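What follows is one structure encoded as C-alpha coordinates, with my remarks underneath.
The values are calculated or read from the model by the stated rules, or taken from the named source; none is laboratory data. Keep in mind that what you see is a predicted model, and the values were worked out from it rather than measured. Backbone-built Cβ (ideal geometry, glycine too); neighbour counts: all protein chains shown. The area values use the complete protein model at the heavy-atom level, side chains included, leaving out ligands, DNA and RNA. Shrake-Rupley method; radii C 1.70, N 1.55, O 1.52, S 1.80 Å.
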Amino acid sequence: MLQSCVAMTEPADIKIPTTLLPDDGRFGAGPSKVRPEAVQALAEAGATYLGTSHRQATVKDMVGRLRTGLSVMFELPDGYEVVLGNGGTTVFWDALTFGLIERKSQHLSFGEFSSKFAACAKAAPFLDDPQILKADPGARPGVEVSSDVDLYALTHNETSTGVAMEIERPAGASGLVAVDATSAAGGLRVDAGQFDCYYFAPQKCLASDGGLWIALMSPAALDRVQAIKDSGRWIPTSIDIATAVEQSKLNQTYNTPSLATIFLAVQQVEWVNSQGGLEWAASRCDESSNTLYGWAERSDYATPFVTKAEDRSPVVGTIDIDDSIDANAINKALRANSIVDTDPYRKLGRNQLRISMFPSIEPSDVEKLTKCIDYVVDQLAD
Ligand SMILES: *Cc1c(COP(=O)(O)O)cnc(C)c1O
(Lines give C-alpha, C1' and ligand atoms only; values in the text may rest on other atoms or scores of the structure.)
Protein backbone atom coordinates (compact mmCIF):
# COMPACT_ATOMS: atom_id res chain seq x y z
CA MET A 1 0.00 0.00 0.00
CA LEU A 2 1.37 3.37 -0.95
CA GLN A 3 -0.89 5.80 0.90
CA SER A 4 1.21 5.87 4.04
CA CYS A 5 4.28 7.08 2.08
CA VAL A 6 2.62 10.00 0.36
CA ALA A 7 3.97 13.30 1.62
CA MET A 8 1.08 15.63 2.30
CA THR A 9 3.02 18.85 2.70
CA GLU A 10 5.13 20.35 -0.08
CA PRO A 11 8.39 21.54 1.55
CA ALA A 12 8.31 24.88 -0.28
CA ASP A 13 4.82 25.58 1.07
CA ILE A 14 5.88 25.40 4.71
CA LYS A 15 5.79 28.81 6.31
CA ILE A 16 7.99 29.08 9.40
CA PRO A 17 6.55 31.58 11.93
CA THR A 18 8.64 34.76 11.81
CA THR A 19 9.19 34.63 15.57
CA LEU A 20 11.23 31.46 15.08
CA LEU A 21 13.37 32.72 12.18
CA PRO A 22 17.04 33.65 12.66
CA ASP A 23 17.96 37.31 12.08
CA ASP A 24 20.24 36.21 9.25
CA GLY A 25 19.55 33.05 7.25
CA ARG A 26 23.03 32.43 5.83
CA PHE A 27 24.52 29.18 7.15
CA GLY A 28 26.59 28.14 4.13
CA ALA A 29 30.11 26.73 4.32
CA GLY A 30 31.51 29.23 1.82
CA PRO A 31 31.02 31.74 0.55
CA SER A 32 29.50 32.35 3.91
CA LYS A 33 27.81 35.14 5.79
CA VAL A 34 29.44 38.53 5.31
CA ARG A 35 28.55 40.90 8.14
CA PRO A 36 26.24 43.72 6.99
CA GLU A 37 28.45 46.19 8.88
CA ALA A 38 31.38 45.19 6.67
CA VAL A 39 29.37 45.63 3.49
CA GLN A 40 28.20 49.02 4.74
CA ALA A 41 31.79 50.06 5.41
CA LEU A 42 32.73 48.97 1.89
CA ALA A 43 29.89 51.01 0.41
CA GLU A 44 31.10 54.04 2.36
CA ALA A 45 34.71 53.57 1.27
CA GLY A 46 33.61 52.82 -2.28
CA ALA A 47 34.27 56.15 -3.94
CA THR A 48 37.79 56.56 -2.59
CA TYR A 49 38.96 52.95 -2.45
CA LEU A 50 37.27 50.81 -5.12
CA GLY A 51 38.49 51.52 -8.59
CA THR A 52 41.87 52.84 -7.49
CA SER A 53 45.33 51.48 -8.23
CA HIS A 54 46.64 48.57 -6.22
CA ARG A 55 50.12 50.06 -6.61
CA GLN A 56 49.20 53.19 -4.64
CA ALA A 57 49.04 53.89 -0.92
CA THR A 58 45.25 53.61 -0.50
CA VAL A 59 45.21 49.95 -1.46
CA LYS A 60 48.69 49.08 -0.20
CA ASP A 61 47.70 50.41 3.23
CA MET A 62 44.65 48.11 3.17
CA VAL A 63 46.86 45.11 2.34
CA GLY A 64 49.15 46.24 5.15
CA ARG A 65 46.22 46.32 7.56
CA LEU A 66 45.29 42.78 6.54
CA ARG A 67 48.85 41.54 7.08
CA THR A 68 49.22 43.32 10.43
CA GLY A 69 45.76 42.29 11.60
CA LEU A 70 46.51 38.63 10.87
CA SER A 71 49.90 38.85 12.62
CA VAL A 72 48.08 40.14 15.69
CA MET A 73 45.24 37.62 15.45
CA PHE A 74 47.62 34.65 15.23
CA GLU A 75 50.31 36.15 17.50
CA LEU A 76 52.90 35.36 14.83
CA PRO A 77 56.43 34.95 16.20
CA ASP A 78 59.28 37.07 14.79
CA GLY A 79 60.32 36.10 11.32
CA TYR A 80 56.93 34.78 10.20
CA GLU A 81 55.45 36.49 7.12
CA VAL A 82 51.86 36.95 5.97
CA VAL A 83 52.00 36.17 2.25
CA LEU A 84 49.14 36.56 -0.21
CA GLY A 85 48.28 36.00 -3.83
CA ASN A 86 45.43 35.41 -6.20
CA GLY A 87 43.52 32.23 -6.87
CA GLY A 88 42.21 30.96 -3.53
CA THR A 89 43.22 27.78 -1.76
CA THR A 90 42.93 25.51 -4.78
CA VAL A 91 45.52 27.54 -6.64
CA PHE A 92 47.72 27.62 -3.54
CA TRP A 93 47.83 23.79 -3.57
CA ASP A 94 49.54 24.10 -6.95
CA ALA A 95 51.83 26.77 -5.52
CA LEU A 96 52.77 24.44 -2.64
CA THR A 97 53.33 21.55 -5.03
CA PHE A 98 55.79 23.64 -7.04
CA GLY A 99 57.25 25.73 -4.28
CA LEU A 100 57.20 24.09 -0.84
CA ILE A 101 57.42 20.31 -1.27
CA GLU A 102 61.05 19.39 -1.76
CA ARG A 103 60.67 15.72 -2.71
CA LYS A 104 58.01 13.93 -0.75
CA SER A 105 54.91 14.95 1.19
CA GLN A 106 52.63 13.09 3.56
CA HIS A 107 48.91 13.87 3.43
CA LEU A 108 46.18 13.18 5.94
CA SER A 109 43.29 12.55 3.59
CA PHE A 110 39.86 12.54 5.23
CA GLY A 111 37.51 14.30 2.89
CA GLU A 112 37.18 16.12 -0.39
CA PHE A 113 39.55 19.01 0.28
CA SER A 114 42.40 17.11 1.91
CA SER A 115 42.26 14.51 -0.88
CA LYS A 116 42.60 17.22 -3.53
CA PHE A 117 45.96 18.53 -2.32
CA ALA A 118 47.19 14.94 -2.13
CA ALA A 119 46.15 14.48 -5.77
CA CYS A 120 48.11 17.61 -6.80
CA ALA A 121 51.29 16.28 -5.21
CA LYS A 122 50.76 12.82 -6.72
CA ALA A 123 50.41 14.26 -10.22
CA ALA A 124 53.64 16.28 -10.04
CA PRO A 125 56.29 14.53 -12.17
CA PHE A 126 59.18 16.21 -10.31
CA LEU A 127 58.15 14.86 -6.87
CA ASP A 128 58.26 11.39 -5.35
CA ASP A 129 54.87 9.79 -4.85
CA PRO A 130 53.33 11.26 -1.71
CA GLN A 131 52.37 9.13 1.27
CA ILE A 132 48.59 9.37 1.63
CA LEU A 133 47.04 8.30 4.94
CA LYS A 134 43.30 7.94 4.64
CA ALA A 135 40.33 7.75 6.95
CA ASP A 136 36.67 7.28 6.11
CA PRO A 137 34.51 10.41 5.96
CA GLY A 138 33.58 11.44 9.49
CA ALA A 139 36.87 10.26 11.03
CA ARG A 140 40.49 11.28 10.61
CA PRO A 141 43.87 9.57 10.28
CA GLY A 142 46.97 10.35 12.38
CA VAL A 143 50.40 11.46 11.21
CA GLU A 144 53.11 8.80 10.77
CA VAL A 145 56.50 10.38 11.22
CA SER A 146 58.88 9.32 8.50
CA SER A 147 62.44 10.50 7.81
CA ASP A 148 61.93 10.86 4.04
CA VAL A 149 58.87 13.13 4.35
CA ASP A 150 59.79 16.81 3.99
CA LEU A 151 56.26 18.23 4.25
CA TYR A 152 53.29 17.08 6.36
CA ALA A 153 49.99 18.25 4.84
CA LEU A 154 47.30 18.64 7.50
CA THR A 155 43.80 20.08 7.31
CA HIS A 156 42.62 22.01 10.35
CA ASN A 157 38.96 21.66 9.47
CA GLU A 158 37.73 19.27 6.74
CA THR A 159 34.80 21.31 5.50
CA SER A 160 33.27 18.48 3.49
CA THR A 161 32.73 16.23 6.53
CA GLY A 162 32.80 18.54 9.56
CA VAL A 163 35.88 16.94 11.13
CA ALA A 164 38.43 19.18 12.86
CA MET A 165 41.88 18.26 14.19
CA GLU A 166 44.28 19.94 16.56
CA ILE A 167 47.39 21.34 14.90
CA GLU A 168 50.55 19.97 16.47
CA ARG A 169 54.02 19.40 15.06
CA PRO A 170 54.46 15.64 14.84
CA ALA A 171 56.97 14.71 17.54
CA GLY A 172 60.39 14.01 16.09
CA ALA A 173 59.48 15.08 12.55
CA SER A 174 61.96 17.11 10.53
CA GLY A 175 59.53 18.02 7.73
CA LEU A 176 57.59 21.25 7.46
CA VAL A 177 53.99 21.38 8.69
CA ALA A 178 51.60 22.86 6.10
CA VAL A 179 48.00 23.29 7.16
CA ASP A 180 44.94 23.88 5.00
CA ALA A 181 43.03 26.21 7.30
CA THR A 182 40.58 27.54 4.75
CA SER A 183 37.51 27.01 6.91
CA ALA A 184 39.38 27.20 10.23
CA ALA A 185 41.49 30.35 10.14
CA GLY A 186 39.92 32.93 12.40
CA GLY A 187 37.51 30.51 14.09
CA LEU A 188 39.65 27.72 15.54
CA ARG A 189 42.45 28.07 18.09
CA VAL A 190 45.94 27.47 16.80
CA ASP A 191 49.48 28.00 18.09
CA ALA A 192 51.72 29.48 15.39
CA GLY A 193 54.70 27.59 16.79
CA GLN A 194 53.05 24.38 15.61
CA PHE A 195 52.97 25.19 11.87
CA ASP A 196 55.23 26.37 9.06
CA CYS A 197 52.57 27.30 6.58
CA TYR A 198 48.98 27.97 7.65
CA TYR A 199 47.02 28.85 4.54
CA PHE A 200 43.46 29.83 3.75
CA ALA A 201 41.07 31.83 1.59
CA PRO A 202 38.88 34.52 3.14
CA GLN A 203 35.34 33.43 2.15
CA LYS A 204 34.77 31.33 5.31
CA CYS A 205 35.72 32.42 8.87
CA LEU A 206 37.10 35.67 7.46
CA ALA A 207 33.66 36.57 6.10
CA SER A 208 34.94 38.04 2.88
CA ASP A 209 34.86 36.75 -0.69
CA GLY A 210 36.79 34.13 -2.64
CA GLY A 211 39.71 34.33 -5.03
CA LEU A 212 42.56 35.20 -2.67
CA TRP A 213 45.01 32.93 -0.84
CA ILE A 214 46.74 33.94 2.36
CA ALA A 215 49.58 32.00 3.96
CA LEU A 216 51.22 32.51 7.36
CA MET A 217 54.76 31.28 6.80
CA SER A 218 57.53 30.44 9.27
CA PRO A 219 61.20 31.25 8.67
CA ALA A 220 61.79 27.55 7.87
CA ALA A 221 59.07 27.64 5.22
CA LEU A 222 60.44 30.87 3.74
CA ASP A 223 63.93 29.31 3.58
CA ARG A 224 62.51 26.24 1.83
CA VAL A 225 60.74 28.41 -0.76
CA GLN A 226 64.00 30.18 -1.55
CA ALA A 227 66.01 26.96 -1.65
CA ILE A 228 63.61 25.31 -4.13
CA LYS A 229 63.61 28.44 -6.26
CA ASP A 230 67.44 28.52 -6.20
CA SER A 231 67.58 24.87 -7.21
CA GLY A 232 66.36 25.91 -10.64
CA ARG A 233 63.04 24.04 -10.59
CA TRP A 234 60.67 25.53 -13.16
CA ILE A 235 57.83 27.34 -11.38
CA PRO A 236 55.03 29.20 -13.21
CA THR A 237 55.35 32.85 -12.15
CA SER A 238 51.72 33.35 -11.13
CA ILE A 239 52.06 30.62 -8.48
CA ASP A 240 55.69 31.25 -7.51
CA ILE A 241 55.66 31.65 -3.72
CA ALA A 242 59.04 33.42 -3.74
CA THR A 243 57.55 36.12 -5.98
CA ALA A 244 54.49 36.33 -3.72
CA VAL A 245 56.74 36.78 -0.66
CA GLU A 246 58.60 39.62 -2.34
CA GLN A 247 55.37 41.34 -3.36
CA SER A 248 53.65 40.78 -0.02
CA LYS A 249 56.50 42.45 1.87
CA LEU A 250 55.65 45.54 -0.23
CA ASN A 251 51.94 45.12 0.65
CA GLN A 252 51.18 44.16 -2.94
CA THR A 253 50.24 41.10 -4.95
CA TYR A 254 51.96 39.96 -8.14
CA ASN A 255 48.87 40.72 -10.24
CA THR A 256 45.68 42.65 -9.53
CA PRO A 257 43.71 41.40 -6.53
CA SER A 258 40.02 41.93 -5.78
CA LEU A 259 40.06 45.11 -3.73
CA ALA A 260 36.63 44.38 -2.22
CA THR A 261 37.81 40.96 -0.99
CA ILE A 262 40.79 42.51 0.77
CA PHE A 263 38.64 45.25 2.29
CA LEU A 264 36.03 42.83 3.67
CA ALA A 265 38.73 40.57 5.10
CA VAL A 266 40.26 43.56 6.91
CA GLN A 267 36.85 44.40 8.35
CA GLN A 268 36.51 40.90 9.77
CA VAL A 269 40.05 40.61 11.12
CA GLU A 270 39.88 44.01 12.82
CA TRP A 271 36.41 43.24 14.19
CA VAL A 272 37.58 39.96 15.71
CA ASN A 273 40.75 41.57 17.09
CA SER A 274 38.74 44.39 18.67
CA GLN A 275 36.37 41.90 20.35
CA GLY A 276 39.14 39.89 22.00
CA GLY A 277 40.93 38.14 19.16
CA LEU A 278 41.10 34.52 18.13
CA GLU A 279 40.18 33.22 21.59
CA TRP A 280 37.00 35.30 21.53
CA ALA A 281 36.09 34.08 18.02
CA ALA A 282 36.81 30.46 18.93
CA SER A 283 34.67 30.72 22.08
CA ARG A 284 31.83 32.11 20.01
CA CYS A 285 32.08 29.12 17.63
CA ASP A 286 32.20 26.78 20.65
CA GLU A 287 28.98 28.29 21.93
CA SER A 288 27.25 27.85 18.55
CA SER A 289 28.46 24.31 18.08
CA ASN A 290 27.55 23.22 21.62
CA THR A 291 24.04 24.41 20.83
CA LEU A 292 23.92 22.55 17.51
CA TYR A 293 25.42 19.24 18.65
CA GLY A 294 23.49 19.34 21.93
CA TRP A 295 20.25 19.74 20.01
CA ALA A 296 21.14 16.91 17.61
CA GLU A 297 22.02 14.59 20.48
CA ARG A 298 18.68 15.23 22.17
CA SER A 299 16.71 15.00 18.94
CA ASP A 300 15.02 11.75 18.00
CA TYR A 301 15.61 12.29 14.26
CA ALA A 302 18.97 14.12 14.09
CA THR A 303 22.44 12.78 15.00
CA PRO A 304 25.90 14.33 14.72
CA PHE A 305 27.57 12.61 11.74
CA VAL A 306 31.02 12.68 13.37
CA THR A 307 30.94 9.95 16.01
CA LYS A 308 33.88 11.07 18.13
CA ALA A 309 32.85 14.20 19.98
CA GLU A 310 36.45 15.52 20.05
CA ASP A 311 36.63 15.39 16.22
CA ARG A 312 33.47 17.44 15.71
CA SER A 313 34.11 20.78 14.08
CA PRO A 314 33.14 23.91 16.01
CA VAL A 315 32.63 25.78 12.71
CA VAL A 316 30.99 23.31 10.31
CA GLY A 317 28.42 20.94 11.80
CA THR A 318 27.29 17.87 9.86
CA ILE A 319 24.01 16.44 11.11
CA ASP A 320 22.60 13.15 9.82
CA ILE A 321 18.84 12.93 9.52
CA ASP A 322 16.88 9.74 10.11
CA ASP A 323 16.09 7.97 6.84
CA SER A 324 12.36 8.32 7.46
CA ILE A 325 12.74 12.06 6.76
CA ASP A 326 14.20 13.48 3.55
CA ALA A 327 16.93 15.99 4.46
CA ASN A 328 16.51 17.52 1.02
CA ALA A 329 12.92 18.36 1.85
CA ILE A 330 14.08 20.07 5.05
CA ASN A 331 16.63 22.08 3.09
CA LYS A 332 14.00 23.04 0.52
CA ALA A 333 11.60 24.24 3.19
CA LEU A 334 14.35 26.21 4.94
CA ARG A 335 15.36 27.84 1.65
CA ALA A 336 11.75 28.82 0.98
CA ASN A 337 11.99 30.70 4.30
CA SER A 338 15.28 32.41 3.41
CA ILE A 339 17.46 30.04 5.43
CA VAL A 340 20.03 29.01 2.84
CA ASP A 341 22.91 26.63 2.09
CA THR A 342 22.29 24.03 4.78
CA ASP A 343 22.79 21.30 2.17
CA PRO A 344 25.39 18.57 2.74
CA TYR A 345 28.61 18.49 0.72
CA ARG A 346 27.56 17.30 -2.74
CA LYS A 347 29.80 14.30 -3.05
CA LEU A 348 29.29 12.99 0.48
CA GLY A 349 25.89 11.68 -0.60
CA ARG A 350 24.30 11.49 2.86
CA ASN A 351 20.84 12.32 4.20
CA GLN A 352 22.35 15.24 6.02
CA LEU A 353 22.33 18.93 6.92
CA ARG A 354 25.58 20.88 7.02
CA ILE A 355 25.49 24.03 9.10
CA SER A 356 28.25 26.60 9.36
CA MET A 357 28.93 28.40 12.60
CA PHE A 358 31.69 30.79 11.55
CA PRO A 359 32.41 33.77 13.85
CA SER A 360 30.14 36.09 11.84
CA ILE A 361 27.16 33.88 12.55
CA GLU A 362 25.31 34.79 15.74
CA PRO A 363 25.16 31.92 18.26
CA SER A 364 21.55 32.94 18.89
CA ASP A 365 20.82 32.39 15.19
CA VAL A 366 22.16 28.83 15.41
CA GLU A 367 19.78 28.23 18.30
CA LYS A 368 16.89 29.66 16.27
CA LEU A 369 17.86 27.51 13.30
CA THR A 370 17.48 24.33 15.38
CA LYS A 371 13.96 25.45 16.30
CA CYS A 372 13.17 26.10 12.63
CA ILE A 373 14.37 22.63 11.68
CA ASP A 374 12.18 21.08 14.39
CA TYR A 375 9.24 23.10 13.09
CA VAL A 376 9.82 22.02 9.48
CA VAL A 377 10.20 18.35 10.41
CA ASP A 378 7.00 18.53 12.40
CA GLN A 379 5.17 20.06 9.43
CA LEU A 380 6.61 17.54 6.97
CA ALA A 381 5.24 14.71 9.12
CA ASP A 382 1.71 16.16 9.02
C1 LIG B 1 36.67 25.87 0.80
C2 LIG B 1 37.87 25.03 1.02
C3 LIG B 1 38.87 24.90 0.03
C4 LIG B 1 38.72 25.49 -1.34
O5 LIG B 1 38.92 26.86 -1.30
P6 LIG B 1 38.91 27.70 -2.68
O7 LIG B 1 39.26 29.08 -2.23
O8 LIG B 1 37.54 27.57 -3.24
O9 LIG B 1 39.92 27.12 -3.56
C10 LIG B 1 39.97 24.15 0.33
N11 LIG B 1 40.13 23.57 1.54
C12 LIG B 1 39.20 23.67 2.51
C13 LIG B 1 39.43 23.00 3.82
C14 LIG B 1 38.05 24.41 2.28
O15 LIG B 1 37.13 24.52 3.23
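Other residues lying with their Cβ under 11 Å from the Cβ of Asp24 contribute a combined charge of +1, Lys and Arg counting +1, Asp and Glu -1. The residues of segment 43-108 expose on average 42 square angstrom of accessible surface per residue, using a 1.4 Å probe on protein heavy atoms. Take the chain, connect every pair of alpha-carbon atoms lying under 10 Å apart with a spring to form a Gaussian network, then pick out the residue of Ala302, Ala242, Ala135 with the largest mean-square fluctuation. Between Ala302, Ala242, Ala135, it is Ala135 that shows the largest mean-square fluctuation.
Starting from the Cα of Glu287, step 7 Å toward the Cβ, then list every residue of segment 350-382 with an amide N under 18 Å from that point. Once the point is set 7 Å along Cα→Cβ of Glu287, 356-371 turn out to lie under 18 Å by backbone N, inside segment 350-382. Each of the trypsin sites (Lys or Arg not before Pro) that DSSP puts in a loop and that has at most 14 other Cβ atoms within 10 Å breaks the chain; the longest unbroken stretch is 104-232.
Maximal additional length on extending the Ser338-Thr237 stretch stands at 32.1 nm, based on 0.36 nm per residue less the C-alpha distance. Counting protein heavy atoms only, the chain has 48 percent of its accessible area on carbon and sulfur, 1.4 angstrom probe.
Each other residue within a Cβ distance under 15 Å of Pro363 adds +1 if Lys or Arg and -1 if Asp or Glu, for a net charge of -1.
Taking the chain on its own, what percent of its Cα-Cα pair distances exceed 40 Å? Above the 40 Å cut-off, the chain has 17 percent of its Cα pairs. Taken along the Cα-to-beta-carbon direction at a fixed 7 Å, the label points for Asp129 and Ala220 span 2.7 nm.
Cα axis of helix 88-99 to longest principal axis of the chain: angle in degrees, 0 to 90, nearest 10? Helix 88-99 and the main axis of the chain meet at about 30 degrees.
For the chain, modelled as a GNM whose springs connect Cα atoms under 10 angstrom apart, the maximal fluctuation among Gly51, Gly211, Gly175 occurs at Gly51.
Highest GNM mean-square fluctuation among Gln252, Gln275, Gln203, for the chain modelled with Cα contacts below 10 Å: Gln275.
Tilt of helix 259-275 relative to the longest C-alpha principal axis of the chain, in degrees (0 to 90, nearest 10)? Tilt of helix 259-275: around 80 degrees. Of the chymotrypsin sites (Phe, Trp or Tyr not before Pro) found in segment 82-186, the ones in coil according to DSSP and having at most 14 other Cβ atoms within 10 Å of their Cβ are Phe126.
Across segment 302-361, C-alpha contacts under 8 Å between residues 6 or more apart give a mean separation that, scaled by the residue count, equals a relative contact order of 38 percent. FRET efficiency for the Asp230 to Glu10 pair, using the beta carbon distance and R₀ = 51 Å, is estimated at 0.20. Sites listed here are GluC sites (Glu not before Pro) in segment 116-171 whose DSSP assignment is loop and whose Cβ has at most 14 other Cβ atoms within 10 Å: Glu144, Glu166, Glu168.
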